[in-house]
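K.L.:
Handing you a structure now.
Values in this text are rule-based calculations from the coordinates and carry no lab data. Please read these numbers as outputs of a predicted model, since none were measured by experiment. Reconstructed Cβ throughout: ideal geometry from the backbone, glycine too, with neighbour counts over all protein chains shown.
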Amino acid sequence: MSQKQFDAYVNSRPEKFIIQNRSENRSGRFEKPGVDGLGPIKTDMETFLKTGK
C-alpha cells in the first residue's frame, strides 16, 4: 500500500481514526489496549484497495 493509498483509506474512515494533538498522541490515552482486533482492519484495507470503498 502506497502512502497515497493509505492516506485515502484513512480519510475515507473518519469513524476509525481521530486527529490527536501532540500530548494526546504521546499519552496513548486513546490507544486500543492489547494487540487483538487487527484482522478486521486488515480485511477492510484489502477491500478498500480492491474496490476503492
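K.L.:
Assess whether residue 44 counts as being surrounded by 12 or more Cβ atoms within 10 Å (Cβ to Cβ), under 15 Å from the mean Cα position of the chain (by Cα) and in a helix (DSSP H, G or I).
P.N.:
Judged against the criteria, residue 44 is a match.
K.L.:
Of the residues 4, 16, 50, 32, only one is surrounded by fewer than 10 Cβ atoms within 10 Å (Cβ to Cβ), among the basic types (Lys, Arg) and outside any helix (DSSP H, G or I); which? Talk me through it step by step, then tell me what you get.
P.N.:
On the way: 4 fails: outside any helix (DSSP H, G or I); 16 fails: surrounded by fewer than 10 Cβ atoms within 10 Å (Cβ to Cβ); 50 fails: outside any helix (DSSP H, G or I).
One residue alone meets the criteria, 32.
K.L.:
Taking the range 1-34 as the search range and keeping residues that are over 11 Å from the mean Cα position of the chain (by Cα) and touching a residue at least 12 places away in the same chain (Cβ under 8 Å), which one is nearest to residue 46 (Cα to Cα)?
P.N.:
1
K.L.:
Then there is this: Could you grab me the full set of residues in the range 24-53 that are under 17 Å from residue 13 (Cα atoms) and β-branched (Val, Ile, Thr)?
P.N.:
Correct list: 41, 43, 47, 51.
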